[in-house]
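Written below as structure tokens is the structure these notes are about.
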Amino acid sequence: MTVAPVAGVDRRPERAAADPAAALLEIGGLGVSYGRGRLGRSRSAVLDGVDLSVRSGEIVGLIGETGSGKTTLARAAVGLVRPDTGTVRFEGRDLVGLGRRERAAFRRSGQVQYMFQDPLRSQDPDLTVRQIVAEPLAATGAYDRRERAARADEALSLVGLDPAAVATRTPGLISGGQRQRVSLARAVVTRPRLLLSDEPVSALDASNRNLVLGLLDRLRQELDLGVLVISHDLSSLAGIADRVAVLYRGHIVEEGPTREVLESPRHPYTALLTASAPSVRREHRLLPAQLRPPEGGAPWPAGEGCVFARRCRFADGNCRTQPVRRAARGPSTSGDAEPAQDLGVHDERSRSEPAAEVPQSANGLDLESPSPGGAGHTVACHHADDWRTRLD
């Protein structure tokens, strides 16, 4: 289902033209750790040297298993977690170095919004839907009550909800899919430049999942919105993300165009994620067992070298140092490659086309048909070029 824009309303905010190649959000060398670090207790590193960028009108997917640091990265980007090292720049402005008053003023500006994972817990059960959506506007103090209500209703219409039907209800009286769209309406009511969405469809059924993903895809075009979507569901990102970054234990191990990363992963961890994704077809696919270390092997020393070495079938002496990200090259393989399956993934050429229903296209990925490394595809692995030749 695709929700059409409300007739007669220009949704695109009035802003000066920006360089489309310039990063809206630019994270550099970000390090975050938790713990008190006193009485002999060491702090636990959650993110280590993370680099990531998001441009206007672009959707970037951040994937990784539970505990990899995805939510911490997003929270650090909006200032909810203070990093130990690194920079977070929004339109060139360093947010890490802001003072308390400057940070509060920036948050009230509404230029960056965060869409929390659980809408039921992030929405006040005693407020009506209209009041919930209008909360960010109340924080800015820029409008009176009547204007806030009108803008909240407009935001509800923008995400495909009828204000007359839901605006006076409380969160407990609407469905899970409607609550998620209320969260999205609250996030875009200030007309932000950047939206960070944490697991936006993890608790939704297939129809509502497609609807919310389709809305994100449409809004990034109508509002020229930069979007960072956090997810562990590859199929959720395959149809809408322009680029995907893979996070493992606080390190970006691979990043690049969605089609290349999901169809032809260069890092063994990315390959393991895609091989483990549910699929109705198995031909031309790697199996998880092909990528896991054999049983009975010598354990890898904890904390030494590559963060994935302990779980990697291809780890050797070269992996005793942490690899740095570099441009991906096409892996060396023998024989003719099978044609890669069409994922239906959006690319730069389809940006201007209307958003369609999001295909669940990560199922049935052809993972044994690597294509040449494309522009912007990077990987942090000592054996990115040869691990496929060592498969059983």
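The values are calculated or read from the model by the stated rules, or taken from the named source; none is laboratory data. Every value quoted in this text rests on a predicted model; they were computed, and no experiment measured them. Using ideal geometry, Cβ is built from the backbone for each residue, glycine included, and neighbour counts are taken over all protein chains shown. Protein only, heavy atoms only, side chains kept; ligands, DNA and RNA dropped before computing areas. Shrake-Rupley method; radii C 1.70, N 1.55, O 1.52, S 1.80 Å.
One line per residue, one yes/no per condition, for (1) open to solvent by less than 30 Å² (accessible area, probe 1.4 Å); (2) more than 16 Å from Val227 (Cβ to Cβ); (3) in a helix (DSSP H, G or I); (4) in contact with a Cys (Cβ under 6 Å, 6 or more places away or on another chain):
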site: Tyr143; (1), (2), (3), (4): no, yes, no, no
site: Glu154; (1), (2), (3), (4): no, yes, yes, no
site: Ser157; (1), (2), (3), (4): no, yes, yes, no
site: Arg179; (1), (2), (3), (4): no, yes, yes, no
site: Pro200; (1), (2), (3), (4): yes, no, no, no
Checking Gly110 against (1) at negative phi; (2) open to solvent by less than 30 Å² (accessible area, probe 1.4 Å), only one condition comes out false. Which one?
(1)
Can you tell me which residue in region 121-141 is farthest from the chain's Cα centre (by Cα), limited to those that are surrounded by fewer than 14 Cβ atoms within 10 Å (Cβ to Cβ) and either closer than 14 Å to Thr170 by Cα or at pLDDT 95 or above (or both)?
Asp126
For region 81-103, give me each residue that is of a type outside the set (D, E, K, R), surrounded by 13 or more Cβ atoms within 10 Å (Cβ to Cβ) and without any contact (Cβ under 8 Å) to a residue 40 or more places away in the chain.
Leu95, Val96, Leu98
Suppose we filter region 290-313 for residues that are outside any loop (DSSP other than H, G, I, E, B), under 27 Å from the mean Cα position of the chain (by Cα) and not charged (D, E, K, R); how many remain?
2
Count - residues of region 18-33 that are among the acidic types (Asp, Glu) and either part of a strand (DSSP E or B) or modelled with pLDDT of 95 or more (or both)
1
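If I ask for residues that are under 16 Å from the mean Cα position of the chain (by Cα), open to solvent by 10 Å² or more (accessible area, probe 1.4 Å) and of a type outside the set (Gly, Ala, Ser), which ones from region 219-238 would you list? Step through it out loud before you land on a result.
Applying the first criterion (under 16 Å from the mean Cα position of the chain (by Cα)) to region 219-238 yields 219-220, 225-238.
From what is left, the residues that are open to solvent by 10 Å² or more (accessible area, probe 1.4 Å) are 232-235.
Scanning region 219-238 gives His232, Asp233, Leu234.
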Counting only residues that are open to solvent by 80 Å² or more (accessible area, probe 1.4 Å) and farther than 23 Å from Gly317 by Cα, which one in region 246-286 is modelled with the lowest pLDDT?
Val280
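If a residue has to be at pLDDT below 90 and polar (S, T, N, Q) to count, how many in region 36-65 make the cut?
Here is the first cut: in region 36-65, the ones at pLDDT below 90 are 36-44.
Those left that are additionally polar (S, T, N, Q): 42, 44.
Adding up the residues that qualify gives 2.
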Which condition from (1) under 19 Å from Arg243 (Cβ atoms); (2) modelled with pLDDT of 65 or more; (3) open to solvent by 60 Å² or more (accessible area, probe 1.4 Å) is the one that Ser352 breaks?
(2)
Scan (1) buried (at least 22 other Cβ atoms within 10 Å of the Cβ); (2) touching a Lys or Arg at 6+ places or on another chain (Cβ under 9 Å) for the single condition Thr72 breaks and write down its number.
(2)
